[in-house]
Amino acid sequence: MDTFLYLFFTGSYIALLIWGLIGIRKQDLPQWTSFIYLIILALIYDNGIIAFGKWIGEGELLETLNLLRFWTHAFLTPLLVLFATGTLKESGVLWAQKKWLSIVGIIYTVILIGIEVWLEASQLTLKAAEEYGVLRYVSTKEASGPPVMILLVTLVLIVASAILWKKTKWAVFFIGAIVMTIGSAVPINVDSGAVTNAFELFLLFTLVWTKRRLVEDKLRVY
């Protein structure tokens, strides 16, 4: 079952990337919200490697490919902070145009990358694990709760999306952040390790939809 789910997620992220890039203009690419494309590429890789793990087979190659999953997560997931900040800047929230917010956003993102590299990626030792039909390499260290970096990123997503909702009446981003938070926190008793990834896919869908609104100039503070 999980092999099918990870293949589905991989295909869904490819579709999201294509949808997100349709009609994109050159002037839209340098915007902070365009970091969403890098994040989606990382998720395509992440889900794809897990989906095809059993066909690649246990060994050094699959271990290296999985190690890269953790490192891309460490460097690219914190970019969601810049995306969230970018939605406020690009929608025209007045105080979000201030230089101090850009500086704080960049520093915060760099700190989160440093935290994830220091606490997780740099200390990784991996072991092969086969569960629900998929083969991948996972950390030998038992998880003791949500990673610090994820919690701090989620906080920014919720705050920024709430502000965007108040200023523009666009609630989609906020709904995505809340659904993702609840889905990650509430245990789901199913025979699958992939089902909870559906909440992540839903979040990314709402982020790409928000980016589309900005590209089409339909998300503005007036």
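The values are calculated or read from the model by the stated rules, or taken from the named source; none is laboratory data. In this text, all values refer to a predicted model and were calculated from it rather than measured experimentally. Methodologically, a virtual Cβ is constructed for each residue, glycine included, from the backbone with ideal geometry; neighbour enumeration extends over all protein chains shown. We work out accessible area using only protein heavy atoms, side chains counted, and drop any ligands, DNA or RNA first. Shrake-Rupley method; radii C 1.70, N 1.55, O 1.52, S 1.80 Å.
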**Report entry** Gaussian network model of the chain, Cα within-10 Å springs - most flexible of Gly48, Gly59, Gly20
**Finding:** Gly59
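Under a point-charge model restricted to the Cβ atoms of Lys and Arg (+1) and Asp and Glu (-1), what is the dipole moment magnitude of the chain relative to its Cα centre, in debye to the nearest 20?
Values: 18 positive and 16 negative charges, 276 e Å.
That gives a dipole near 1320 debye.
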Query raised in the report: Ordered by residue, what ³J(HN,Hα) values in Hz, to whole numbers, does region 151-161 give under the Karplus form 6.51 cos²θ - 1.76 cosθ + 1.60, where θ = phi - 60° and Gly and Pro are x?
Result: 4, 6, 5, 4, 4, 5, 4, 5, 5, 5, 5
Query raised in the report: Per residue, how much accessible area does the chain have with a 1.4 Å probe, in Å²?
Result: 53
Query raised in the report: What does the charge count near Gly53 come to, summing +1 for each Lys or Arg and -1 for each Asp or Glu among other residues with Cβ under 15 Å from its Cβ?
Result: -3
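Suppose we flag GluC sites (Glu not before Pro) only when DSSP calls them loop and at most 15 other Cβ atoms lie within 10 Å. Which is the longest uninterrupted stretch of the chain? If you can, show how the numbers build up before the last one.
Values: sites that count: Glu58, Glu142, Glu216.
Formally, the longest exposed-site-free interval is 59-141.
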Query raised in the report: Which of Leu82, Leu204, Leu29 moves most in a GNM of the chain, Cα contacts under 10 Å?
Result: Leu29
Requested in this report: Rounded to whole Hz and in sequence order, give me ³J(HN,Hα) for region 21-35 from the Karplus expression 6.51 cos²θ - 1.76 cosθ + 1.60, θ = phi - 60°, writing x for Gly and Pro.
Outcome: 8, 5, x, 5, 9, 4, 6, 7, 5, x, 6, 4, 5, 6, 4
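Rounded, prolate or oblate: pick one for region 64-167, where a ≥ b ≥ c are the square roots of the eigenvalues of its C-alpha gyration tensor, a/c under 1.5 means rounded, and failing that, prolate if a/b is larger than b/c, else oblate. Mind dumping the intermediate values first?
Working: a/c = 2.99, a/b = 2.31, b/c = 1.29.
Prolate is the answer for region 64-167, as a/c is 1.5 or above and a/b outweighs b/c.
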Query raised in the report: Between their Cα atoms, which of Lys99/Lys167; Lys98/Lys169; Lys141/Lys167; Lys54/Lys141; Lys26/Lys169; Lys127/Lys211 are more than 31 Å away from each other?
Result: Lys141/Lys167; Lys127/Lys211
Report task. Match the structure shown to one of the listed values (1) 54, 46, 26; (2) 55, 35, 33; (3) 89, 37, 37 of Cα extents along the principal axes in Å, computed from it, and give that label. Result -> (2)
**Report entry** Solvent-accessible area of Thr125 with every protein chain in place, 1.4 Å probe, in Å² to the nearest 10
**Finding:** 80
Report summary line: Expressed in angstrom and rounded, the centroid-to-centroid distance over alpha carbons for region 155-197 and region 8-34 is 20
Report task. Compare the Cα positions of Gly57, Trp209, Leu7 along the charge dipole of the chain (+1 at Cβ of Lys, Arg; -1 at Cβ of Asp, Glu; about the Cα centre) and return the one farthest towards the positive end. Result -> Trp209
Requested in this report: For region 141-222, restrict the atom set to alpha-carbon positions and state the Rg and Dmax in Å.
Outcome: 14.7, 50
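State the percentage of accessible surface on the chain attributable to carbon and sulfur atoms; use a 1.4 Å probe and exclude ligands, DNA and RNA. Could you put the intermediate results ahead of the total?
Details: 7940 of 11660 Å².
C and S fraction of accessible area: 68 percent.
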